[in-house]
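Colleague: Could you have a look at this structure, given as structure tokens, before my questions?
The values are calculated or read from the model by the stated rules, or taken from the named source; none is laboratory data. The structure displayed is predicted, hence computed values, not measured ones. Here the Cβ is made from the backbone with ideal geometry for all residues, glycine too, and neighbour counts use every protein chain on show.
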Amino acid sequence: MNPELIDQLGSQLGANGLPYTIPIHPNLVHITLGLFIIGIAFDFAGAFFPLERSLLKMLSLNAVRSNFFDVGWYNVLASAIVTFFTVAAGFYEMLLAQPSPGIKSAWGLEALPTMLLHGVGGVLLLALIVGMAVWRGFQRYAWRKDTSRQVQWSYLFAGVAVLGVMFVHGTLGAHLGGEFGVHVTADNLLRYGEDPNLLLK
């Protein structure tokens, strides 16, 4: 890459090491997580609906089983779509990252291995979430469209496993921000000898 172009880009970066004030990737991550968790949770609620029916009736909640599955499907589908943008923003922001050197995370990893694992994990999660959405779509529109329980138990347990992968992956991302100061404005200001209390009012 042209060194002048790199210098020009560097001069346009803010105190957080990005050309914009608030990092995009962490915000999209929470949308991805929220949509997927809600999708799996509502599919579980639909699967256990016969057990819940009396409780819902006692609470005067008129719930229809298919509505739970509607929420599950649309949230998993939306999560798959948003995750493409989440991963793209993550790779862009990772390319601009300048983590604090000489630090190890709570897991004993330095910044570069943490970033690499987080990047590879992001691609893996993208594949898993898209795969889950495709699997969910086949169940909804082909395999189980005429059954009252729209999802397979194997799908639900796979969803729980994906949530476990999300937890590990999210912890790596938290280490990047919390322990290595990647794109954290106050951390970068301190590294450059500035006082965040004076500059971030």
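Colleague: Cβ-Cβ below 9 Å, separation at least six or inter-chain, first residue in segment 155-171 and over 16 Å from Val76 (Cβ atoms) and assigned to a helix (DSSP H, G or I), second among the β-branched types (Val, Ile, Thr) and modelled with pLDDT under 95: which pairs?
Modeller: Gly170/Val29
Colleague: Something else about it: Would you say Ser154 is over 22 Å from Ile31 (Cβ atoms) and modelled with pLDDT of 90 or more?
Modeller: Values: over 22 Å from Ile31 (Cβ atoms): yes; modelled with pLDDT of 90 or more: yes.
Criteria met by Ser154.
Colleague: With Val71, Val64 as the choices, which residue is of a type in the set (A, V, I, L, M) and modelled with pLDDT of 90 or more?
Modeller: Answer to the check: Val71.
Colleague: Turning to a different aspect of this structure: What is the residue count in segment 108-134 for residues that are under 23 Å from Val162 (Cβ atoms) and in contact with a Ser or Thr (Cβ under 8 Å, 6 or more places away or on another chain)?
Modeller: 7
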